[in-house]
Amino acid sequence: MTAVKVAPKDEWLPNIAVTLKLAEDLENICKKRTAVFYVAKTQRDAYCIASFNLAREHNAAVASLVRAKFWNSSKAMIRPMLEASARFLWFAHFATEEELKKVDERRESAIPDLGKLLKMADCLFSTGAFSLFLSNGLLHSFTHCGISAMSNSIADRGMEPGEQTEGIRATASSTCSTLLALCILCQWKRSTGEEDAEIKEVLANFSNLRPTLVSLL
C-alpha cells in the first residue's frame with residue numbers, strides 16, 4: 001500500500017466555503033444517481049444501500065452544523081460518519097454470506113469493531129486515510145464530550161487563548177465529504193462495474209482535504 005504523504009500542517013487546513021461547496025456537489029451527484037445507487041437485488045445490496053444512505057445523511061447534517069457555526073457538534077458527527085462509511089465498505093467488499101446471515105438475525109456482533117473495519121477499508125484505497133483515525137482517541141473525545149471537545153468549547157467561548165482557526169473548524173465537513181466521496185466511488189463501481197471518473201476528478205481537486213484529525217484537532 002502506498003504510504004500517505006503528510007503535508008505541513010497549514011497546507012492541510014481547509015476553507016469552510018470550499019468544504020461546504022464540496023458537500024453540496026457530492027449531494028447533487030447522489031441525487032443525480034438515485035436510480036443507479038438505490039437498486040437492491042440482494043440482501044447485501046440492501047445493507048450497502050442502508051449504510052451508504054446513512055453516510056450521505058450524516059454528511060449533509062455535518063454541513064448544516066458547520067453552516068450554523070456549531071463547530072464542536074460537527075466534529076462529534078465524524079465518528080458516526082466514519083462508522084457508516086466503514087460499514088458500507090465492509091458490506092460491499094468483505095462481509096461473508098455467513099456474516100450477512102448473522103446481520104439478518106440482528107446480531108450486532110456480526111459486524112467487526114471499528115478498528116478492524118478501518119484497517120479493512122484501507123485495503124481498498126492507497127491514501128491510508130482510514131487508519132489516520134486510529135490514534136489519540138480524538139473521535140471518542142469529540143463524540144462523548146471528552147477533554148479535546150471541552151478544550152475546544154472553552155476556546156470558542158473566549159475563556160482562554162487559542163480560538164480555533166477557520167481551517168480547524170472546517171475539518172469535520174472536509175473529513176466527512178472525503179469519506180462520502182470514497183463511498184460514492186465504491187457504490188458506482190458496484191452498481192455499474194465502471195470506474196467513476198466524476199468522483200475521481202472531485203477527489204483529485206480536493207486531495208488536500210483528506211482526513212487529518214490526528215494533527216489538526
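Here are the numbers for this structure:
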{"item": "Residues satisfying the stated conditions in region 188-205, i.e. surrounded by 10 or more Cβ atoms within 10 Å (Cβ to Cβ) and either modelled with pLDDT under 80 or more than 16 Å from VAL36 (Cα to Cα) (or both)", "result": "LYS200, GLU201, VAL202, LEU203, ASN205"}
{"item": "Positions within region 1-33 being modelled with pLDDT under 90, β-branched (Val, Ile, Thr) and surrounded by 14 or more Cβ atoms within 10 Å (Cβ to Cβ), in sequence order", "result": "VAL4, VAL6, ILE16, VAL18, THR19"}
{"item": "Flag for ALA86 being surrounded by 16 or more Cβ atoms within 10 Å (Cβ to Cβ), aliphatic (A, V, I, L, M) and either farther than 24 Å from ALA17 by Cα or over 14 Å from the mean Cα position of the chain (by Cα) (or both)", "result": "yes"}
{"item": "Total residues in region 87-122, condition outside any helix (DSSP H, G or I) and among the aromatic types (Phe, Trp, Tyr)", "result": "1"}
{"item": "Per-region count, region 178-199, residues more than 15 Å from PHE91 (Cα to Cα) and within 9 Å of the chain's Cα centre (by Cα)", "result": "4"}
{"item": "Qualifying position, being assigned to a helix (DSSP H, G or I) and either modelled with pLDDT under 70 or farther than 30 Å from LEU124 by Cβ (or both), among MET150, MET159", "result": "MET150"}
{"item": "Evaluation of ASN53 against (1) in contact (Cβ under 8 Å) with a residue 24 or more places away in the chain; (2) surrounded by 15 or more Cβ atoms within 10 Å (Cβ to Cβ); (3) within 20 Å of ILE184 (Cβ to Cβ) (one fails), failing number", "result": "(1)"}
{"item": "Region 123-142, residues that are surrounded by 16 or more Cβ atoms within 10 Å (Cβ to Cβ) and either assigned to a helix (DSSP H, G or I) or modelled with pLDDT of 90 or more (or both)", "result": "PHE130, SER131, LEU132, PHE133, LEU138, LEU139, SER141, PHE142"}
{"item": "Which listed residue is aliphatic (A, V, I, L, M), surrounded by 19 or more Cβ atoms within 10 Å (Cβ to Cβ) and at pLDDT 70 or above, from LEU213, LEU179, LEU209", "result": "LEU179"}
{"item": "Residue list for region 28-86, filter: assigned to a loop (DSSP other than H, G, I, E, B) and of a type in the set (A, V, I, L, M)", "result": "VAL39, ALA40, ALA68, MET77"}
{"item": "Members of region 89-121 that are farther than 21 Å from TYR38 by Cα and surrounded by 15 or more Cβ atoms within 10 Å (Cβ to Cβ)", "result": "GLU99, LYS102, ALA110, ILE111, PRO112, LEU114, LEU117, LEU118, MET120, ALA121"}
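The values are calculated or read from the model by the stated rules, or taken from the named source; none is laboratory data. These figures come from a predicted structure and were not determined experimentally. Don't worry about glycine lacking a Cβ; one is built from the backbone with ideal geometry, like all the others, and counts go over all protein chains shown.
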